[in-house]
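Scroll down for the structure; my scribbles are underneath it.
What follows draws every value from the coordinates through simple rules; no lab data is involved. The model shown is predicted, which means the values in this text are computed figures rather than measured ones. Every residue, glycine among them, receives a Cβ derived from its backbone with ideal geometry; neighbour counts consider all protein chains shown.
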Amino acid sequence: MERVEKFLKDAGTYFLATVDGDKARVRPFGTAHIFEGKLYIQTGKSKDVSKQIHKNPNVEVCACIGGDWLRLCGELVEDERREAKVSMLEAYPSLKSMYSPDDANTEVFYFKNATATFSSFTKAPEVVKF
Ligand SMILES: Cc1cc2nc3c(=O)[nH]c(=O)nc-3n(C[C@H](O)[C@H](O)[C@H](O)COP(=O)(O)O)c2cc1C
């Protein structure tokens, strides 16, 4: 899991795909943070991405660095605890101008039943589950 977090942070931007009825949706994301042994992302309840995750928590993430790429799929589980939001905002202080652990918008999700596949043009894929 640490390797997945590091790859996402090193990539800087990853792309988060959700399901919207019978359509795929994708957008850039940047948050990736391990808290209490789980990999979290952050968003806002007002966003379509949040509504899609609540309806269908099966998501996939893709990030790449040069000729290496990571695909991470799994279920997202909302963690409503204040301490989980605080930990995320401490990891990404720039978010504090838009989000607060006590607003009605900020939310964090962690990955459950996740499968990460590290791929490269030059090496065999490596699969990590967490
Ligand atoms: C580099 C980059 C990183 C981003 N990271 C996040 C993020 O971690 N969480 C988030 O909610 N939005 C993030 N955004 C903004 C979302 O991509 C944007 O709000 C998007 O429209 C949300 O998807 P939706 O319109 O389907 O709700 C980021 C945007 C960029 C350009």
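Helical runs assigned H by DSSP (4 residues or longer) give the chain a calculated mean residue ellipticity at 222 nm of -6000 deg cm²/dmol, each run adding -39500 (n - 2.57) before division by the residue total. Mean sequence separation of contacting Cα pairs (under 8 Å, at least six apart), scaled by the length of the chain, corresponds to a relative contact order of 25 percent. Packing here is the average count of other Cβ atoms within 10 Å per residue, and on that basis the peptides 103-115, 17-29, highest first, run 103-115, 17-29. Please tell me which of these pairs span more than 29 angstrom C-alpha to C-alpha: LYS51/LYS129; LYS55/LYS129; LYS23/LYS45; LYS47/LYS123; LYS23/LYS123; LYS55/LYS123? As for pairs spanning more than 29 Å Cα to Cα, those are LYS47/LYS123; LYS23/LYS123; LYS55/LYS123. Pair-distance distribution P(r) for region 1-111, from all Cα-Cα distances in 5 Å bins starting at 0: 2, 12, 24, 25, 21, 12, 4, 0, 0 percent.
Annotation: extensible slack from HIS54 through LYS123 equals 21.2 nm (criterion: 0.36 nm per residue apart, minus Cα-Cα distance). Is any helix in the chain, taking whole DSSP H runs, at least 27 angstrom long along its axis by alpha carbon and on average at least 1.0 on the Kyte-Doolittle scale, and which ones? Going by DSSP H runs, there are no hits.
Site pair CYS73 and ARG3 shows an inter-label distance of 2.0 nm when each label is modelled 7 Å from Cα along Cα→Cβ.
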